[in-house]
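Peer 1: Questions regarding the structure given below will be posed in turn.
The values are calculated or read from the model by the stated rules, or taken from the named source; none is laboratory data. Here the structure is a predicted model, which means the values were calculated and not measured. All Cβ positions, even for glycine, are placed from backbone atoms using ideal geometry, and neighbour counts span all protein chains on display.
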């Protein structure tokens, strides 16, 4: 299910606080949108034909009124503001992303569209969209040069407008990322400054409730991984109402703050985290990255966002290190691991008073003993259930446990010794430096 304002508990468009003025970017984008529409309408009136402008992902930016030349695809794209994923792939596969001048795109009966003149919209070499004109010819040479000149002139004008919009978006995005980093800082003064910035610049529509999600990959991302994380953030942002989400990408981690008038419920949070992870996996399919997503707790207002971020980071780490949690987990599901993951492993190794425990965990030849011990302790010392789970005779299990006692110097009939071994086992699972 696509996550949007109908399935989230964040503020819907009708709940956006009316005491907040539009941001500078929003005001600028409104002016740009009006200007693009004016160019499209003027070209359509001059030619007496329908004109449309899409962004690089074939999502509608502007469309003129119809002049009777529209096909079923044009009608659907105006109503839906985008085309189906299948048609999007079909169109992009024609190579139009590399076009630098107008050309003819052949029709396709399967998708109910007739031939079109496609004029790429570029500024400073950047592809910003496409201008479409329905044209019943087979080659660009059959199109009148005067018409091509008019279309190219309109595309060049729109290109400048879209480039300006892109700069406005990048400027505010940079500002929003900076404010979010400060908001999640451990320094109280940084957080107070961030709250002021977010409120004054109307970066969020409602700040009543916030939840932080963290997506983390298991290795240095490189350029491809970073691009995939950034594209994932943008993809998820588009599924929310305006000013509901702030994100940033740093290193191996994507951080997303979701705000709204109501708390993000558990089901929606899990769905969002799953979509986030799946989108990254799809975009980074050619790279061997493993991605895990952690969900922090709901916080009242912006003041609790830093704590939600800490919780989400811990949950993402647990998901990366412990298969039992899968690829998506929440802070609330961590149980005792929420505490264990905060331990300094280097200091723990130095302070561990039982060298035999270290020997047991570090020796690959003794892993069958470790697995048997962990199964035994996880089942509260029930030898019957443990031997059944391990598919071994009880006598074999008892023999293995006796060897554990001999190696560690601990007594499995002693409750404190059991606790020591159980903690050591769980901590070894969380230690990135543990032996393979």
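Peer 1: Please note which helices (runs of 4 or more DSSP H) are completely contained in the stretch 301-363 and include at least 1 residues that are out of contact with any helix residue (DSSP H, G or I) (no Cβ under 9 Å at 6 or more places or on another chain), at pLDDT 85 or above and buried (at least 17 other Cβ atoms within 10 Å of the Cβ). Don't jump to the end; show me each part of the working.
Peer 2: Values: elements: 305-321, 337-340, 345-351, 355-362.
Those helices (runs of 4 or more DSSP H) span 305-321.
Peer 1: Within the stretch 48-71, is even one residue part of a helix (DSSP H, G or I), surrounded by fewer than 16 Cβ atoms within 10 Å (Cβ to Cβ) and either in the same structural domain as residue 154 (by TED's automatic domain parsing) or at pLDDT 80 or above (or both)? If you could, list the steps in order and put the result at the bottom.
Peer 2: Step one: of the stretch 48-71, the residues part of a helix (DSSP H, G or I) are none.
No; the residues of the stretch 48-71 include none that is part of a helix (DSSP H, G or I), surrounded by fewer than 16 Cβ atoms within 10 Å (Cβ to Cβ) and either in the same structural domain as residue 154 (by TED's automatic domain parsing) or at pLDDT 80 or above (or both).
Peer 1: Let me ask something else. When you look at residue 184, is it more than 30 Å from residue 251 (Cβ to Cβ) and either outside the structural domain of residue 30 (by TED's automatic domain parsing) or touching a helix residue (DSSP H, G or I) at 6+ places or on another chain (Cβ under 8 Å) (or both), yes or no?
Peer 2: Values: more than 30 Å from residue 251 (Cβ to Cβ): no; either outside the structural domain of residue 30 (by TED's automatic domain parsing) or touching a helix residue (DSSP H, G or I) at 6+ places or on another chain (Cβ under 8 Å) (or both): yes.
Considered against the rule, which asks whether it is more than 30 Å from residue 251 (Cβ to Cβ) and either outside the structural domain of residue 30 (by TED's automatic domain parsing) or touching a helix residue (DSSP H, G or I) at 6+ places or on another chain (Cβ under 8 Å) (or both), residue 184 comes out as no.
A quick yes/no check of all residues on (1) in a helix (DSSP H, G or I); (2) touching a strand residue (DSSP E or B) at 6+ places or on another chain (Cβ under 9 Å):
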{"site": "181", "(1), (2)": "yes, yes"}
{"site": "190", "(1), (2)": "yes, no"}
{"site": "203", "(1), (2)": "no, yes"}
{"site": "212", "(1), (2)": "no, yes"}
{"site": "216", "(1), (2)": "no, yes"}
{"site": "231", "(1), (2)": "yes, no"}
{"site": "242", "(1), (2)": "no, no"}
{"site": "249", "(1), (2)": "no, yes"}
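Peer 1: Please go through the stretch 415-426 and pick out each residue that is exposed (fewer than 11 other Cβ atoms within 10 Å of the Cβ) and modelled with pLDDT of 85 or more. Steps first, please.
Peer 2: The initial filter retains those residues of the stretch 415-426 that are exposed (fewer than 11 other Cβ atoms within 10 Å of the Cβ), namely 415-416.
The answer is 415, and nothing else.
Peer 1: Still on this structure, I have one more. Answer yes if at least one residue in the stretch 149-171 is over 30 Å from residue 31 (Cβ atoms) and surrounded by fewer than 18 Cβ atoms within 10 Å (Cβ to Cβ), and no otherwise. Please lay out each step first, then the result.
Peer 2: Start the filter on the stretch 149-171 by keeping residues that are over 30 Å from residue 31 (Cβ atoms), which leaves none.
No - not one qualifying residue is present in the stretch 149-171.
Peer 1: Let me ask something else about it. Could you grab me the full set of residues in the stretch 78-90 that are surrounded by 12 or more Cβ atoms within 10 Å (Cβ to Cβ) and in contact with a helix residue (DSSP H, G or I) (Cβ under 9 Å, 6 or more places away or on another chain)?
Peer 2: Result: 82, 83, 84, 87, 90.
Peer 1: List the number of the failed condition for residue 278; all other conditions in (1) touching a residue at least 12 places away in the same chain (Cβ under 8 Å); (2) surrounded by fewer than 19 Cβ atoms within 10 Å (Cβ to Cβ) hold.
Peer 2: (1)
Peer 1: Follow-up question, since we're still on this one. Which of the residues spanning the stretch 37-46 are crowded, with 17+ Cβ neighbours inside 10 Å and either farther than 13 Å from residue 155 by Cβ or modelled with pLDDT under 95 (or both)?
Peer 2: Of all residues in the stretch 37-46, those crowded, with 17+ Cβ neighbours inside 10 Å come to 39-40, 43-44.
The answer is 44, and nothing else.
Peer 1: Oh, and also: Could you pull out the residue among 153, 189 that is in the same structural domain as residue 126 (by TED's automatic domain parsing) and over 19 Å from residue 237 (Cβ atoms)?
Peer 2: Working: 189 fails: in the same structural domain as residue 126 (by TED's automatic domain parsing).
Answer to the check: 153.
Peer 1: Now for a different question. Consider residue 176 against the criteria (1) farther than 20 Å from residue 310 by Cβ; (2) surrounded by fewer than 18 Cβ atoms within 10 Å (Cβ to Cβ); (3) under 21 Å from the mean Cα position of the chain (by Cα): it satisfies all of them except one. Which criterion is unmet?
Peer 2: (2)
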